[in-house]
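Nothing in this text is a laboratory measurement; each read-out follows from the coordinates by a stated rule. Everything numeric in this text was worked out from a predicted model, so none of it was measured. Don't worry about glycine lacking a Cβ; one is built from the backbone with ideal geometry, like all the others, and counts go over all protein chains shown.
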Amino acid sequence: MKTVNKSPYTIILEEFSNKMIYDGSQISSHYAAEKYGVIGESILVFRGGMKLSPKEMVDIKDIIRESHLSNILISSDDSLHFIIEEFDIQPPNMEIEYYRLRILTQITIDILKEKEIEVEKKGTDIFIDGKKLNVGIATVGKSSSKIHFGLNILSTGVPEHVQAVGLLDLGINVDEIQSLAIQIAENYAKEISRIKEDVAKTRTI
């Protein structure tokens, strides 16, 4: 594990050889503080599968719409995960956090387009040729706001009712995935930092 300071965030890059399963626990408050000793705004990046049952999910719409289709609604054999925790808005505001999730989604899309990959965006979901590349959710706790954003590396291990695509299917090599992850995390930190600068420089009316 290594950390990179990209104001106002600490980016925590878990060793990709140390694969972790995203099971919903990582979106709990103060996860980065308790596991890595990082206090404040953080972006945790790690690689591993996903496995969430409806009781571990926070997306009520997906639970209502899809719970009859499978006991496991979100799963993947191998994905790239971003867990973002933010304390700067008090009290935490879920609407603002969804705006930020959309910023993160668009940053990812822009990077994919630079690689000449044709992308379709639906809300916070990314599709290539009708196949889903990612999952994303925002939520809030008592003191912080959180995002989980996961990009499929492989298209296997997903629920039967989901048509998925992975980064490897798009011609992105395994050796490129870490640099891609860092680019996404750093671009997100830069974008939020610029918004804060805009707020600080603007006089009220």
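Summary table
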item: Residue-span extension gain [ASP198 to SER143] - 0.36 nm each, minus C-alpha spacing; result: 17.4 nm
item: DSSP bridge orientation in the chain - percent antiparallel, rounded to nearest 5; result: 85
item: For the chain, the longest site-free run once GluC sites (Glu not before Pro) in DSSP loop states with at most 10 other Cβ atoms within 10 Å are removed; result: 1-115
item: Unit charges on C-beta of K, R, D, E only; dipole of the chain, Debye; result: 520
item: Which label in [x] 17; [y] 13; [z] 9 gives the computed percent of Cα pairs over 32 Å apart; result: [y]
item: Top positive-direction residue, dipole computed over the chain with Cβ charges, set ALA185, ILE83, TYR9; result: TYR9
item: Cα-centred dipole magnitude for segment 125-196, charges only on beta-carbon of K, R (+1) and D, E (-1), debye, nearest 20; result: 520
item: For the chain, calculated [θ]222 nm from helices alone, where every DSSP H run of n ≥ 4 adds -39500 (n - 2.57); result: -10000 deg cm²/dmol
item: Out-of-range pairs (alpha-carbon distance over 24 Å; input LYS115/LYS201; LYS2/LYS113; LYS6/LYS196; LYS122/LYS142); result: LYS115/LYS201; LYS2/LYS113; LYS122/LYS142
item: Segment 1-51 - charge dipole about Cα centre, Lys and Arg +1 at Cβ, Asp and Glu -1, debye rounded to 20; result: 140
